[in-house]
Amino acid sequence: MAEWEGIYTIWFREAKRYVRYRSRILSSVVTPLLWLLIFGTGLGSAIRFGNIAGGYKAFIFPGIIGQTILFTAIFSGVSVIMDRQYGFLKEIMVAPVSRPSIVFGKVLGIGTAAIIQGVILLLLSFVVGVHMTPVIFVASFLLMIPISVGLGGVGLLIAIFTESMEGFNLIMSFIVLPMFLLSGALFPVTGLPSSLQVAVYLDPLTYGVDALRQVILGYGALPLYVSTIVVVGFALITITLSATLFSKKEQNLM
Amino acid sequence: MDYIIETNDISKIYGDFTAVDKINLKIPRNSVYGILGPNGAGKTTLISMLCTILHPSSGSATVNGYDVMKNSKEVRKSIGVVFQSRALDDILTGREHLEMHAALYGVPNELRKERIEEVLDLIALGDKADEFTKTYSGGMKRRLEIGRGLIHHPKILFLDEPTLGLDPQTRENIWEYIQKLNQKEDITVLMSTHYMEEADKLCDEVAIINRGHIIKSDSPKNLKRELKADIITMKVDDQEKFIKEAEKLDFIKNIMTVDSEIKMMVESGENLVATLVNFANKNNIMVNSIELDHPNLEDVFINYTGSRIIEGAK
């Protein structure tokens, strides 16, 4: 009972922080729109792209949702580093709340922010000419939950192993950008050179993007149930892992 | 005597550095207990172990009757902690900090409002309670942190350098809070500090810590009385010569140099100032200044460790 209260409290703070940083919300809506409108339209006019209604712009729409969730989740996860630098983490760590509950609260908070971000994009689907129905909306929403939670777990894992914000550029170059580029957000993942193909299928975000694309456009490289299982499995693994490591490494987090 | 905190050879070792070395403390219930020592003496490490966020390398401790390793959750419920470094979130209001804390410590819902009002009253945040903490002054932040540590009615309040970096007036205010609190509530306060004045004014008992060891612990009054001495501080042109000659005088109980000054422990110093000046003149030593002090905790500290608590500071 008390643990639920702890999870809720930590989630609530995370959600409040998200809502209060208005500039962050704005930029995380504008960035994907720039991708869709400029990159999507630009490259879309240069290449002839399959038989998807809406063309290339529509093709990358689920990919850009995935990208937005990825960035929001990782950045929020990394905020634990800032909590540590500014000392607030101590206040949470010295409370009589179990370490896993702290992690769950945090992951749920991160997930909430990422999902809000995704929902905003879903509502903007008309911009790229994607036809949105209530069923697609609900299905996409449900898919975003494990995607966000899984990536939030990745963010927390990074935070556990990173001492300060100085490592942030490394995180961008070696984790966030490769995850985004390899996910098939911007290109179809079938028929690639085999080394790239392997890398693409090792990227957990690939499955999230493919599942979203399947739901939103009815087009995907993998059967929906396969990608959904991978996405849910990945979320479970990252939460368990970060809860375990957080408890184990609590001494180093101070 | 009823002790609320007891440690048994508690130690913390980092590689080949021993931050806390087999410390044994007994802290009486409802006292204000001070751990006094210079920076790097091991104060924060000791407090961190007692509030369960750092595991001891060896030894053990009980806080409110619970073992810090085996019953860390019970310990956490019994204590409130104000860390040396700020532990506030910029983008939450003061009230929200208190609400969050009440929830994390499982204060029953129906009590929360009342407790928060009670604490806000004590720490006198006024209308600022509903503003983001990034707009607070240093003193308000500290008060909020102390108030937050009290929301769940802890048995023990840990204060790690509570007035570090605050201006003198705010420091006085915080001291007043701590005194008021200790008188009004059933609470033990364990504080660390490197301000002599703070320890002298607030603490019922003080443990002097240096390089991970407790050198001495007693009430400030007893510590001072034990010196049985006044202190004469002199500045002379030829320090070495003076000390060599002065060591022959039997009314000087102890002589040492601190920075460029000579400190001598004597009994009833009023009568000796003139004697010492004459003595110096007889030996052709120029006296630049001479001062008589009744001992304070700083002198106690110097007596036991041979150095000032803050290097180079007066």
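Each reported figure results from applying straightforward, stated rules to the coordinates on display, with no laboratory input. From a predicted model like this one, the values you see are computed outputs, not experimental measurements. Glycine also receives a Cβ, built like all others from the backbone with ideal geometry; neighbour counts cover every protein chain displayed.
Structure values in brief
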| read-out | value |
| --- | --- |
| Within-15-Å neighbourhood charge of B:PHE83 [Cβ basis; K, R +1; D, E -1] | +3 |
| Derived scalar couplings ³J(HN,Hα) [the stretch A:51-60; Karplus, 6.51 cos²θ - 1.76 cosθ + 1.60; whole Hz; x for Gly, Pro] | 10, 9, 4, x, x, 4, 3, 5, 4, 7 |
| Net length gained if the chain between B:PHE132 and B:GLU267 were fully extended (0.36 nm per residue, minus Cα distance) | 43.0 nm |
| Choice from A:PRO204, A:PRO134, A:PRO62 showing the highest fluctuation, given a GNM over chain A with Cα pairs closer than 10 Å | A:PRO134 |
| Cα-based Rg of chain B normalised by 2.2 N^0.38 Å, two decimals | 1.17 |
| Order of A:PHE187, A:PHE88 - criterion: other Cβ atoms within 10 Å of each residue's Cβ, fewest first | A:PHE187, A:PHE88 |
| Bins of 10 Å, starting at 0 and running to the largest distance - Cα pair percent for the protein assembly as shown | 3, 15, 21, 18, 14, 11, 8, 5, 3, 1, 0, 0 |
| Sites B:LYS244 and B:TRP175, calculated FRET efficiency, Cβ-Cβ separation with R0 51 Å, nearest 0.05 | 0.70 |
| Ascending count of other beta-carbon atoms within 10 Å, so fewest first, for B:LYS248, B:LYS43 | B:LYS248, B:LYS43 |
| Backbone HN-Hα couplings from phi across the stretch A:203-219 [Karplus 6.51/-1.76/1.60, Hz, Gly and Pro as x] | 7, x, 5, 3, 6, x, 5, 5, 5, 4, 5, 4, 6, 7, 10, x, 9 |
| Whole-angstrom Cα spans of chain A along principal axes, big to small | 58, 37, 34 |
| In sequence order, calculated HN-Hα J values of the stretch B:289-300 (Karplus, 6.51, -1.76, 1.60; Hz; x Gly/Pro) | 7, 8, 9, 10, 10, 8, x, 10, 4, 4, 5, 4 |
| Cβ charges +1 (Lys, Arg) and -1 (Asp, Glu), total dipole of the protein assembly as shown, debye | 1920 debye |
| Pair A:THR31, B:LYS113: separation of 7 Å Cα→Cβ label points (nm) | 4.2 nm |
| Beta bridges per DSSP with both ends in the protein assembly as shown, % antiparallel, nearest 5 | 65 percent |
| The stretch B:199-292, relative contact order in percent, only Cα pairs under 8 angstrom and at least six apart counted | 29 percent |
| Between the stretch B:20-86 and the stretch A:2-19, the alpha-carbon center distance in angstrom | 28 Å |
| Residue exposure sequence - A:TRP11, B:TRP175 - by fewest surrounding Cβ within 10 Å | B:TRP175, A:TRP11 |
| Gaussian network model of chain B, Cα within-10 Å springs - most flexible of B:LEU54, B:LEU276, B:LEU36 | B:LEU276 |
| Cut-off 15 Å between beta-carbons: net charge of the residues surrounding B:LEU276, Lys and Arg +1, Asp and Glu -1 | -4 |
| Net length gained if the chain between B:HIS55 and B:ASN254 were fully extended (0.36 nm per residue, minus Cα distance) | 67.6 nm |
| Whole-Å distance, taken between Cα centres, linking the stretch A:113-171 and the stretch B:140-203 | 44 Å |
| Sum of side-chain charges, B:ALA124 neighbourhood, beta-carbon under 13 Å (Lys, Arg +1; Asp, Glu -1) | -1 |
| Between the stretch A:198-233 and the stretch B:92-126, the alpha-carbon center distance in angstrom | 46 Å |
| GNM flexibility winner over chain A from A:ALA211, A:ALA46, A:ALA199 (Cα, springs under 10 Å) | A:ALA46 |
